[in-house]
Structures are given as structure tokens and as C-alpha cells.
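A.B. asks: Below you will find the structure I want to go over with you.
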Amino acid sequence: MKNPWDNRERLEWLLAPRRQTWFPRAPIVLALELGEGAAVADVGAGSGYLVEELAVAVGLAGRVWAVDPSPQARALLTERFQDEAHRQVVVRDGTAAATGLVDRSADGMVWLAIYHELLHATPDGEELHRSFAEARRVLKPGGRLVIGDWRPVPTEVGPPTRERVDPERAGQALTAAGFTVASSTNLSEAVWLLTVTTPDDEPQ
């Protein structure tokens with residue numbers, strides 16, 4: 001099935017200033033608690049809405065993996081971040097369930113507006129559970145997964161209301177998958193932000 005986001009026009013729309021109304025960048029990056037030299041994976045990076053801020057947070061000594069399965073997205077990411085000033089940014093082909101990253105390589109990971117897509121990707125929820133397992137594999141012990149997604153309330157933009165999910169339900173699923181909920185807050189009127197951590201003694 002064709003990826004609906006493998007479309008240049010739609011990808012560029014994701015960079016529109018008005019998106020800040022729903023998904024303000026600063027709280028998302030702060031929730032990751034990144035320091036100089038940290039490594040972070042932006043999974044489903046799209047056109048790179050968060051990449052600039054993540055690159056600043058980790059500095060040139062750090063690493064930002066911009067992971068996306070869409071060839072159009074990866075082409076746009078490469079155009080935007082191929083200069084020497086962004087040499088800490090690496091564009092990768094991958095999905096939330098198969099990032100292609102090394103075990104225990106990331107201090108943080110962000111899923112922005114993809115939780116609802118993963119939830120409905122397969123009838124039995126298998127894609128979401130595979131994505132949970134992949135996040136635990138890639139994150140270091142005590143690593144942070146930050147998720148921002150739509151509440152099930154009507155808005156002029158965003159996915160259909162029936163496809164959205166409550167943060168409470170997401171938190172319960174993540175807890176069952178072995179994560180610990182560190183914080184849950186409103187990112188904006190219709191968007192929640194959930195931060196979870198992996199165990200400090202995550203088994204090899």
C-alpha cells in the first residue's frame with residue numbers, strides 16, 4: 001500500500017508555521033532531556049519538523065537519526081540537513097518497528113503524531129507492539145521515549161477522530177510493554193505529550 005506521506009506537497013505542509021499551534025517544538029525537545037553529545041532518534045521524521053531543534057540540543061558532538069520509510073521524506077531531509085552545520089544529522093530508511101539502529105544506541109526517541117498510525121496499522125495491533133519492542137531495543141537503559149499525538153476531539157486538521165487515542169490508553173499500553181510513565185501533559189488544546197522511560201537495568 002502506498003504511503004500517503006510519500007508526497008512532497010504534504011511533507012512541506014508539515015513545516016507550516018501554524019503546526020506550532022498544535023505541536024509546539026520546545027516542550028517536545030525539553031521532555032527528551034538531551035545533553036551535549038547525546039544521541040536521539042526522530043522516528044517518522046517526515047520533513048524534519050523537529051530535526052533542527054534536536055540537532056541544536058545534542059550539538060555537533062551528538063547524533064540525530066532522522067528515520068522515515070518514505071523516499072520523498074528522506075530526499076527532503078537530505079536536502080535540508082546535508083550541510084556541514086548539520087553533520088550530526090543522519091537520514092535513515094526505517095520504521096518504528098524496524099529502525100535499523102544499533103541496540104542501546106539512543107538516549108532518546110521521539111514519535112510525533114505516529115502513535116495512532118501504528119495503533120491502526122494492523123488489525124491486531126501487532127505493528128504497535130513491534131514498535132514498542134524496537135524502542136526498548138534501541139534505547140539505552142533509562143532512555144526516554146517521547147510521544148505526541150492527537151486527542152479524540154474534533155479539530156480542523158489532523159486524522160479522523162475515530163483514529164485518535166486517549167493518552168491514558170496509550171500510557172496503559174506502554175506500561176504493559178515494560179515502560180514507565182514519567183510524565184503526561186497537554187501539548188496543546190487537542191494534542192497530548194507522553195514521556196516514558198526504559199528500565200535502568202534493561203536486559204541485553
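The values are calculated or read from the model by the stated rules, or taken from the named source; none is laboratory data. Being a predicted model, the structure only gives us computed values, none of them experimental. Cβ coordinates were reconstructed from backbone atoms using ideal geometry, including for glycine residues, and neighbour counts include every protein chain displayed.
A.B. asks: Run Glu33 past the list (1) more than 19 Å from Ile147 (Cα to Cα); (2) modelled with pLDDT of 95 or more and report the number of the one that doesn't hold.
C.D. replies: Against the list (1) more than 19 Å from Ile147 (Cα to Cα); (2) modelled with pLDDT of 95 or more, Glu33 comes up short only on (1).
Listed here are the residues, each with its yes/no results for (1) over 15 Å from the mean Cα position of the chain (by Cα); (2) closer than 22 Å to Leu30 by Cα; (3) not small (Gly, Ala, Ser).
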| site | (1), (2), (3) |
| --- | --- |
| Arg80 | yes, no, yes |
| Ala85 | yes, yes, no |
| Thr95 | no, no, yes |
| Leu101 | no, no, yes |
| Ser105 | yes, yes, no |
| Glu117 | no, no, yes |
| Ala121 | yes, no, no |
| Ala133 | no, no, no |
| Arg136 | no, yes, yes |
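A.B. asks: From the list Val191, Val181, Val138, Val196, pick out the single residue that is modelled with pLDDT of 95 or more, more than 24 Å from Val51 (Cβ to Cβ) and of a type in the set (Val, Ile, Thr).
C.D. replies: Val181
A.B. asks: Does any residue in region 133-161 that is in a helix (DSSP H, G or I) come within less than 6 Å, Cβ to Cβ, of a residue that is acidic (Asp, Glu) six or more places away or on a different chain, and which pairs are these?
C.D. replies: Correct list of pairs: Arg137/Asp103.
A.B. asks: Which residues, taken from region 169-180, are out of contact with any Leu (no Cβ under 7 Å at 6 or more places or on another chain) and without any contact (Cβ under 8 Å) to a residue 40 or more places away in the chain?
C.D. replies: Those that are out of contact with any Leu (no Cβ under 7 Å at 6 or more places or on another chain) and without any contact (Cβ under 8 Å) to a residue 40 or more places away in the chain: Arg169, Gln172, Thr175, Ala176, Thr180.
A.B. asks: Could you list, ordered by first residue, the pairs with Cβ atoms under 7 Å in which the first is in region 52-75 and surrounded by fewer than 24 Cβ atoms within 10 Å (Cβ to Cβ) and the second is in a helix (DSSP H, G or I), at least 6 apart or interchain?
C.D. replies: Glu53/Arg25; Glu53/Val29; Ala55/His86; Ala57/Val29; Gln72/Arg8; Gln72/Leu11
A.B. asks: Tell me yes or no: at least one residue of region 163-171 is in contact with a Gly (Cβ under 6 Å, 6 or more places away or on another chain), surrounded by 21 or more Cβ atoms within 10 Å (Cβ to Cβ) and closer than 17 Å to Ala113 by Cα.
C.D. replies: No; the residues of region 163-171 include none that is in contact with a Gly (Cβ under 6 Å, 6 or more places away or on another chain), surrounded by 21 or more Cβ atoms within 10 Å (Cβ to Cβ) and closer than 17 Å to Ala113 by Cα.
A.B. asks: So, one more: Filter region 172-204 for residues that are more than 23 Å from Pro27 (Cβ to Cβ) and among the charged types (D, E, K, R); which is surrounded by the fewest Cβ atoms within 10 Å (Cβ to Cβ)?
C.D. replies: Of everything passing the filter in region 172-204, Asp201 is surrounded by the fewest Cβ atoms within 10 Å (Cβ to Cβ).
A.B. asks: Quick check on my filter: what residues within region 96-132 are without any contact (Cβ under 8 Å) to a residue 12 or more places away in the chain and assigned to a loop (DSSP other than H, G, I, E, B)?
C.D. replies: Across region 96-132, the qualifying residues are Ala121, Thr122, Pro123, Asp124, Gly125.
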